[in-house]
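Report on the following structure.
The values are calculated or read from the model by the stated rules, or taken from the named source; none is laboratory data. Note that the structure is predicted; figures quoted are calculated from it, not measured. Cβ: placed from backbone, ideal geometry, glycine included. Neighbour counts: every protein chain shown. Each accessible area value is taken on the protein alone, full model and side chains, heavy atoms only, with ligands, DNA and RNA left out. Shrake-Rupley method; radii C 1.70, N 1.55, O 1.52, S 1.80 Å.
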Amino acid sequence: MAAGAPALGGRSDAICNFVICNDSSLRSQPIIFNPDFFVEKLRHEKPEVFTELVVSNITRLIDLPGAELAQLMGEEDPKLPGANSTASGFFRSLMSLKRKEKGVVFGSPLTEEGIAQVSQLIEYLHKNLRAEGLFRVPGNSIRQQILKDALNSGTDIDLDSGEFHSNDVATLLKMFLGELPEPLLTHKHFHAHLKIADLTLFDEKGNKTSTPDKERQIEALQLLFLILPAPNRSLLKLLLDLLYQTAKKQDKNKMSAHNLALMFAPHILWPRNVSTNDLQENITKLNNGVTFMIKHSQKLFKAPVYIRECARLHYLGSRAHTSKDDLDLLTSSGSKELQPLKSQKRSRLDSCHQEETQQRTEEALKELFIHVHNMPDSAKKKKLIRQFNKHPTALTPGSDVPTSPAPRRTRSRSFSGLIKRKVLGTPVILERKSRDSTPEPVRVSKENVQLLQKCGSPAHMSQAKLKSLEGQKEGSCRRMRARLLSKDSSSL
């Protein structure tokens, strides 16, 4: 695919056109991509969404009361200086009748066909910018009329033949702009441009200064130009480019940006059919505003970064940033476009990692708890269970294993109860059995306890065995006394 260049009469701000090309030699050529592609796409496909987005940012920069905002949106007719004057109304009606007698180019509303014809004049002037007094010195009226009739009839003109002078063409271009029904920047935008001229810097205390805030002025003009009608925006770009190149050659043509602004401000910005007395308070602002447009024309037809980002995210299905402030909050100095997406992705990865880690920890605790629960009874097991019980939420998982508390052992102050606890191991069961069978307690000596500890499983010994052990002890004591008596008698 190859990028197709727009025709001479086409809109200069049109989005990139792509045509299918079967030539393999052209496939390797780089495709020119318009950075405002999604902006233009949003403007054409969803004009209401686009206008609301742009106007909301315009009102962030300049203060537009309700009436002026309604005029900018086209909801009310613009109230212009001198509009209530009877003389001005009659003059306006007379001029409209004269325009109806004109052809398809001069005196008619701006169209693509008219721009295609006038662009021939602009192209010729780009090649003849060295003429001294260009746009100030008038041309020959006869040659201008011949050229004007040719443009109205759509006849092809050869301006390079030498029949016409550069001053003829420059004067005719101003005539074309002056006969438009409204200025190139339209009546609706008049009050907004007056407010842009008042944008100044603030000092450290927050007070306004007299120094113009160029960055905010450029941003506001970029936004206003976005909501101009497409033919007006196209011709405005062609005209400001021409005036910018003319000012760069001011050492030859003696026409600075300010001098050019004095020539073109009435055609670009001044309301139609008003006198200088009506604009006496604002003439300086309007002329300086056009001077500023000429000097910074190479920046004014690019959409602000946050508008591009909003339009792109609108079509990508992501959350859109509606203003520059929203974008600044979510971007860093490294990457203004990718950083919000990276931070969101990083937070999602961190949350997933934490969930996985917590899940693995709970599974490991559950296995450990089951393992401890299945261990044989021992002091180590009791210690581990006590640790689990101290931290039930952190260590004991919400498992299916029942954590029934250990049976509370009844304390006995008797010697037999001590033996049952220390030796027999099942005191509650044996105490219940002993209560049911024999109420008489069995007394066991300390030596019998040591002897019982040497046996394999004392918990299963019966009370009969305990009595036999007591009998064995008494017999051994009798024999020990007999031996001692026999030794004493022999020694005597």
Task: Residue ranges of helices (runs of 4 or more DSSP H) in segment 163-247 with at least 2 members among the hydroxyl-bearing types (Ser, Thr, Tyr) - done: 166-178
- [ ] Just give me the residues in segment 149-193 being under 16 Å from Ile268 (Cβ atoms) and open to solvent by 20 Å² or more (accessible area, probe 1.4 Å), in sequence order.
- [x] Lys174, Met175, Gly178, Glu179, Pro181, Glu182, His187, Lys188, His191
- [ ] Quick one: which helices (runs of 4 or more DSSP H) lie wholly within segment 8-82 and hold at least 2 residues that are over 25 Å from Asp198 (Cα atoms) and at pLDDT 85 or above?
- [x] 37-45, 47-61
Open item on the list: Within segment 37-73, take every residue that is crowded, with 20+ Cβ neighbours inside 10 Å and not hydrophobic (A, V, I, L, M, F, W, C) and give me the one that is farthest from His191 (Cα to Cα).
Closed with: Glu40
TODO: Any residue in segment 282-294 that's in contact (Cβ under 8 Å) with a residue 40 or more places away in the chain and among the β-branched types (Val, Ile, Thr): show its pairings with residues that are open to solvent by 30 Å² or more (accessible area, probe 1.4 Å) and part of a helix (DSSP H, G or I) at Cβ separation under 6 Å, as long as the two are six or more apart or on different chains.
DONE: Ile294/Tyr244
TODO: Please work out which residue is surrounded by the fewest Cβ atoms within 10 Å (Cβ to Cβ), limiting yourself to segment 249-274 and to residues that are without any contact (Cβ under 8 Å) to a residue 60 or more places away in the chain and part of a helix (DSSP H, G or I).
DONE: Asp251
